[in-house]
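Here is the structure we will look at, set down as structure tokens.
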């Protein structure tokens, strides 16, 4: 299974110096956030059209698909998504372990 994380934004104090920011700094951050979230919308659309499942975190989105990381890298390249726009990881698991944990629930 491969996992893709898409960063949305950080805590305000990470995005901007709240105590020293000038009004124009807030406007600039607003423009940056708008551009970033518009790009996230494009990425979400491409991944979901191609059967990636989504879950949400506090500051990011996580997508899952049962494919190898090599195939996932090829897919995202074909979608026009740059690897510096996402974080991609492969999770290896034993099919038997998944079935056992499902039985315990």
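The values are calculated or read from the model by the stated rules, or taken from the named source; none is laboratory data. The structure presented is a predicted model; accordingly, all values stated were derived computationally and were not measured. Counting neighbours? That spans all protein chains shown, and the Cβs are built from the backbone with ideal geometry, glycine included.
Across the range 42-56, the qualifying residues are those that are touching a strand residue (DSSP E or B) at 6+ places or on another chain (Cβ under 9 Å) and part of a helix (DSSP H, G or I), and the one among them that is surrounded by the most Cβ atoms within 10 Å (Cβ to Cβ) is 47. Against the definition (under 18 Å from residue 89 (Cα atoms), more than 17 Å from the chain's Cα centre (by Cα) and assigned to a helix (DSSP H, G or I)), how does residue 70 come out, yes or no? Answer is yes for this residue.
Inspection of the range 70-80 identifies at least one residue that is modelled with pLDDT of 95 or more and at positive phi.
Among the residues of the range 30-41, none qualifies, meaning not one is outside any helix (DSSP H, G or I), in contact (Cβ under 8 Å) with a residue 12 or more places away in the chain, in contact with a helix residue (DSSP H, G or I) (Cβ under 8 Å, 6 or more places away or on another chain) and under 21 Å from residue 8 (Cα atoms). Taking the listed residues 61, 29, 33, 37, the one that is surrounded by 11 or more Cβ atoms within 10 Å (Cβ to Cβ), in contact with a strand residue (DSSP E or B) (Cβ under 7 Å, 6 or more places away or on another chain) and farther than 14 Å from residue 90 by Cα is 61, with no other qualifying.
Against the list (1) modelled with pLDDT of 95 or more; (2) assigned to a helix (DSSP H, G or I), the condition residue 61 fails is (2).
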